[in-house]
Amino acid sequence: LLIPGFNPPNNFDKIGKFNFNGKFLGFFIDFVADGNLQTELGTANTDMRMNLRQGREMAQYSGNLSLLNFDLGAWTGNPQLGRVSMNTSVKNGQGLVLETVEAEIGGAISSISFKDYNYENIILDGALKQKFFDGKVSIRDDNIDLNFDGAVDLTDSIPQFDFTAEVAKLDIKKLNLSSDDLVLRGDTKIVMNGSSLSNLQGNLILRDFSILKNGVDS
């Protein structure tokens with residue numbers, strides 16, 4: 001190996017050729033990086049500490065990460081995702097694989113593409129533990145305006161949802177989530193589980209909720 005002990009994620013080679021300009025202190029398995037990283041997928045600005053001495057599963061990390069027009073879809077292999085620009089902070093990070101990842105995260109996503117729709121102005125503050133997220137998310141966009149506070153648990157085969165959401169606007173069709181012309185507004189309290197919309201079960205509380213279908217209040 002060119003770098004003994006360096007065991008990057010499987011998709012590491014997808015970034016292609018890269019150039020780093022800044023300060024890099026330490027070794028490839030235990031370092032502090034403060035600078036600008038130019039890759040074939042996009043640009044990253046980092047001020048991070050990373051310790052890989054115990055492997056990816058038990059990696060330790062913290063600091064700040066900014067991505068500019070980074071091709072998240074190509075990096076993850078998920079065709080529903082597109083490019084992302086964001087500024088985030090990470091505290092007490094552990095694990096670089098889904099089965100072990102834990103971190104306190106916060107920051108702003110200025111834009112991210114999902115299903116060919118570009119979401120903007122996303123603020124998040126919460127904790128991630130493997131497939132469990134607990135925290136707050138707000139989105140201010142022309143077609144989606146909401147505040148989310150609660151938890152989403154994907155650790156089992158059947159997802160669990162326990163959250164409240166204040167929805168000022170949710171345009172399902174323009175978000176490319178449905179072919180139906182639906183716009184939702186109102187406050188919700190959801191405690192549910194289910195693998196799809198067709199088999200959700202649990203409790204759903206709606207307050208001052210309205211549904212516009214084809215521009216008409218239903």
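Treat each spin label as a single point 7 Å out from the Cα along the C-beta direction, and report the VAL32 to ARG207 distance in nm.
Output for this residue pair reads 4.7 nm.
Out of the stretch 86-145, which trypsin sites (Lys or Arg not before Pro) are coil in DSSP terms and have no more than 13 other C-beta atoms within 10 Å?
Sparse-neighbourhood loop trypsin sites (Lys or Arg not before Pro): LYS115.
Starting at the first residue of the stretch 168-180, write each ³J(HN,Hα) from the Karplus equation 6.51 cos²θ - 1.76 cosθ + 1.60 with θ = phi - 60°, in whole Hz, x for Gly and Pro.
Going residue by residue, I get 7, 6, 9, 8, 4, 5, 5, 7, 6, 9, 7, 7, 6 Hz, with x marking Gly and Pro.
Among all the lysines, which ones have a C-alpha under 19 Å from LYS173's C-alpha, if same-chain residues fewer than 8 places away are not counted?
LYS115, LYS213
Please label the shape of the stretch 142-181 as rounded, prolate or oblate, based on the square roots a ≥ b ≥ c of the eigenvalues of the alpha-carbon gyration tensor (a/c under 1.5 means rounded; beyond that, a/b larger than b/c means prolate, else oblate).
Here the stretch 142-181 falls in the oblate category.
Say R0 is 30 Å: what FRET efficiency, to the nearest 0.05, do VAL216 and GLU120 get from their beta-carbon distance?
For R0 = 30 Å, the calculated efficiency reads 0.60.
For the chain, what's the relative contact order in percent, using C-alpha pairs closer than 8 Å and at least 6 residues apart?
9 percent.
Can you run phi through the Karplus equation (6.51, -1.76, 1.60; θ = phi - 60°) for the stretch 129-145 and list ³J(HN,Hα) in whole Hz, with x for Gly and Pro?
For the stretch 129-145, the Karplus-derived couplings read 9, 6, 9, 10, 10, 9, x, 10, 9, 10, 10, 10, 9, 4, 10, 8, 9 Hz, x marking Gly and Pro.
Rule-based calculations on the coordinates, nothing more; no lab input. Since the model is a prediction, treat every value here as computed from it, not as a measurement. Note that we place each Cβ from the backbone using ideal geometry, even for glycine, and neighbour counts take in every protein chain shown.
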